[in-house]
Amino acid sequence: MQSYDAILVAIDIYSDYEPVVQRAVQVAGTSVKVNLLYVVYPQTSIEPYGLFLETDYSDEICQQAKRKLESIANHHNIPHSHTHVVVGAAAEEIHEAAERLKADLIVIGTHGRSGMRLLLGSTANAVLHGVKTDVLAVKV
């Protein structure tokens, strides 16, 4: 089995992320190789004259998410410097984070339903397209 030096774990902090993080740490062999990522979807509101991004609300969500990621990191002995919160489209941000962190494995959770998109979930499915590294899909 290939040894991985940098593992990016993209999780949804509001769902069942624990099996995903546990599997990543297990594959890594040490929590120091693991980076946690949470992608905040941009918050928008509809105004009579257009669509506006509410940055203050996004900042608050990012701060809350960072605290949650740090709590998860503490539980798994992952350094706080390996927790990352970004705003944007999930698949694109996961790809960019993997490149920025020089990750050689992306670990992402999936859910089982039917059909390829439903089996993986739309985010996991989108991550697979255009990815430049190995992807481990963990069923949750």
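Yes or no, residue by residue, for (1) touching a helix residue (DSSP H, G or I) at 6+ places or on another chain (Cβ under 8 Å); (2) modelled with pLDDT under 95:
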site	(1), (2)
Leu36	yes, no
Gln43	yes, yes
His84	yes, no
Ala98	no, no
Val107	yes, no
Ser122	no, yes
Leu136	yes, yes
| Pick from Tyr14, Tyr57: which is at pLDDT below 95 and part of a helix (DSSP H, G or I)? | Tyr57
| request: Could you grab the pairs with beta carbons closer than 7 Å, sequence gap of 6+ or different chains, first residue in the stretch 63-77 and under 15 Å from Asp12 (Cβ atoms), second one in a helix (DSSP H, G or I) and among the β-branched types (Val, Ile, Thr)? | output: Ile72/Val21
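The values are calculated or read from the model by the stated rules, or taken from the named source; none is laboratory data. Because the structure is predicted, anything quoted here is derived from the model rather than measured. So basically every Cβ, Gly included, is an ideal-geometry build from the backbone, and we count neighbours across all protein chains shown.
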